[in-house]
Amino acid sequence: MRHRFTRAARIAGVVATAAVLAAACSSSKKSSDGGTGNGGGDKVTLRIGLFGTFGLKDAGLYAQYSKLHPNVKIVEDDVELSSDYYKSLQTHLAANSGLDDIQGIEIGFVADIVANHADQFVDFNTVPNAAQVKSTFYDWKWGMATTQDGKTVGLGTDAGPEAVCYRPSLLKKAGLPTDRASLAKQWSTWDDLVAFGKKYESAPGKQANSHFIDSASSIFSAAVYQGQTAYDDAGGKPIPETSDGIKSAWRFASQAAQAKLTAGLDQFTTPWNQAFANGAFATISCPAWMLGYITSEAGQAVSGDWDVAPLPGGAANWGGSWLGVPKASKHQKAAEDLVTWLTAPEQQVAMWTSQQHFPSSSTAAADPKVAGAKSEYFNNAPIGEIFGESAGKLKRTPIGPYDTQIQQAFTTALLTVANNGKSPDDAFKDALKNIKEVVGD
């Protein structure tokens with residue numbers, strides 16, 4: 001469930017009306033100093049293990065914290081690929097050594113940490129002011145990092161509430177509505193979206209070599225989280241054959257693939273990246289972090305010719321991370337204080353205004369700097385309102401350690417429907433076979 005991309009894909013300036021970082025940081029000075037003190041005490045070096053682009057340093061948060069706490073030095077150990085990072089983290093957890101004072105935990109492997117390593121991490125329900133800290137987060141975000149017996153292994157950094165990003169000019173050529181309010185009504189369900197896509201494909205004025213949506217994965221990966229279950233049951237056991245979320249998401253996505261509504265692109269490949277600028281598709285399921293990705297890949301030449309509308313079916317989440325503190329840390333209390341400060345509402349507001357990372361804090365999401373944000377690049381879309389409404393409607397579905405692999409199996413199978421003409425039933429069976437090889441019986 002990748003969402004941490006290279007630094008080139010993260011650019012500032014998407015939010016045109018957001019307050020500057022300095023304003024957010026000045027307000028954060030009024031918050032608690034985290035308990036480590038503003039001056040004296042032993043010098044402490046805290047190492048933070050991260051992957052991809054968390055943006056904490058780029059947003060100036062480390063410098064801000066060190067100013068508030070001169071005795072604390074922060075060193076970031078960053079690995080570009082989350083897969084490489086997690087392999088290393090698993091090795092260190094197995095040995096219970098070599099761990100940083102703070103470790104980033106991505107949504108694709110939080111279930112493994114919760115299920116298999118919770119006793120190796122600080123339980124954030126036991127830290128000072130735990131109830132107050134918990135109250136600032138979305139319930140679903142807090143719950144995803146919490147064991148069945150109530151241990152919370154980390155505090156949320158960002159979230160990935162979803163919408164639909166689209167190209168108004170391409171819809172206009174096809175004679176279809178382009179304003180987000182009309183589109184919200186016309187594709188309020190996934191069946192509606194598929195029907196709308198068929199109108200696009202059959203329109204005589206449609207741009208040549210353009211398709212309605214980038215990939216069937218766009219539909220599947222969002223719709224799957226709108227069921228009572230997605231990839232797992234309440235105990236975290238994979239249930240790909242019986243999940244209502246998988247069944248409905250597969251139906252919608254395979255219909256789109258069979259009807260040739262997709263550009264047949266494999267997401268996160270070079271052709272997919274290039275397609276953002278060349279008009280190969282008119283719509284894409286769009287978590288909040290995708291705004292920066294689109295801006296980077298599509299470029300300024302199409303600024304204002306992207307827009308954002310609500311997601312069919314209400315809401316879904318793709319992406320997001322946590323910061324956890326291993327009990328093996330030699331500076332556990334100082335690390336707890338830093339994590340609490342970095343994920344506090346004031347700092348999450350700063351991460352939105354500076355890095356376009358949508359808050360996992362409901363308190364931060366309600367801040368005017370977030371809730372009132374608009375994007376000039378995306379045709380002045382009220383992105384704070386749209387993504388905030390999506391985050392507020394989200395419900396938590398069970399997650400498990402193999403979710404990323406299961407999702408990949410289904411989205412790969414959908415490509416064979418779209419590009420090779422394989423029947424949805426046969427492609428579904430292929431996906432189940434590949435899943436079984438990964439997760440076993």
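Structural remarks
- Nearest-20 debye value, the chain charge dipole, Cβ charges on Lys, Arg, Asp, Glu: 680
- Residues whose placed amide H lies under 5 Å from that of A280, excluding near-sequence neighbours: none
- Candidate lysines - alpha carbon under 21 Å from K67, same-chain residues fewer than 8 apart omitted: K29, K30, K43, K57, K333
- Degrees between helix 190-202 axis and first principal axis of the chain (Cα, 0 to 90, nearest 10): 50
- Zone of N209's modelled label, taken as backbone nitrogen in segment 250-286 under 20 Å from a point 7 Å along Cα→Cβ: 260-284
- Percent accessible area from carbon and sulfur atoms, segment 281-337, protein chains only, probe 1.4 Å: 48
- Spin-label pair D191-Q258: with each label point 7 Å from Cα along the Cα-Cβ axis, the two points sit 1.5 nm from one another.
- For segment 208-270, the Cβ-based charge dipole about the Cα centre amounts to some 180 debye (Lys, Arg positive; Asp, Glu negative; other atoms uncharged).
- Part-to-part distance (alpha-carbon centres) for segment 62-124 and segment 402-426, which is given in Å: 33
- Helix axis angle, 383-393 relative to the chain longest principal axis, alpha carbon, degrees: 80
- Identified option (computed semi-axes √(5λ) of the Cα gyration tensor in Å; candidates (i) 81, 20, 13; (ii) 37, 26, 17; (iii) 86, 32, 16): (ii)
- Loop-resident chymotrypsin sites (Phe, Trp or Tyr not before Pro) (DSSP state other than H, G, I, E or B) in segment 337-441 with no more than 16 further Cβ atoms inside 10 Å of their Cβ are absent.
- Other-chain or far-sequence residues with amide H under 5 Å of E76's (modelled H): I48
- Annotation: peptides 220-228, 266-274, ranked by per-residue average of other Cβ atoms within 10 Å with the highest first, follow the order 220-228, 266-274.
- Cα centroid separation, segment 139-198 to segment 310-367 (Å): 20
- Given K172/K393; K185/K429; K247/K395; K199/K433; K185/K374; K172/K369, the pairs whose alpha carbons are separated by over 24 Å: K172/K393; K185/K429; K199/K433; K172/K369
- Extension reserve of the S83-K395 stretch, reckoned as 0.36 nm per residue once the Cα distance is removed: 109.6 nm
The values are calculated or read from the model by the stated rules, or taken from the named source; none is laboratory data. A quick note: this is a predicted structure, and the numbers were derived from the prediction, not measured. Cβ: placed from backbone, ideal geometry, glycine included. Neighbour counts: every protein chain shown. Protein only, heavy atoms only, side chains kept; ligands, DNA and RNA dropped before computing areas. Shrake-Rupley method; radii C 1.70, N 1.55, O 1.52, S 1.80 Å.
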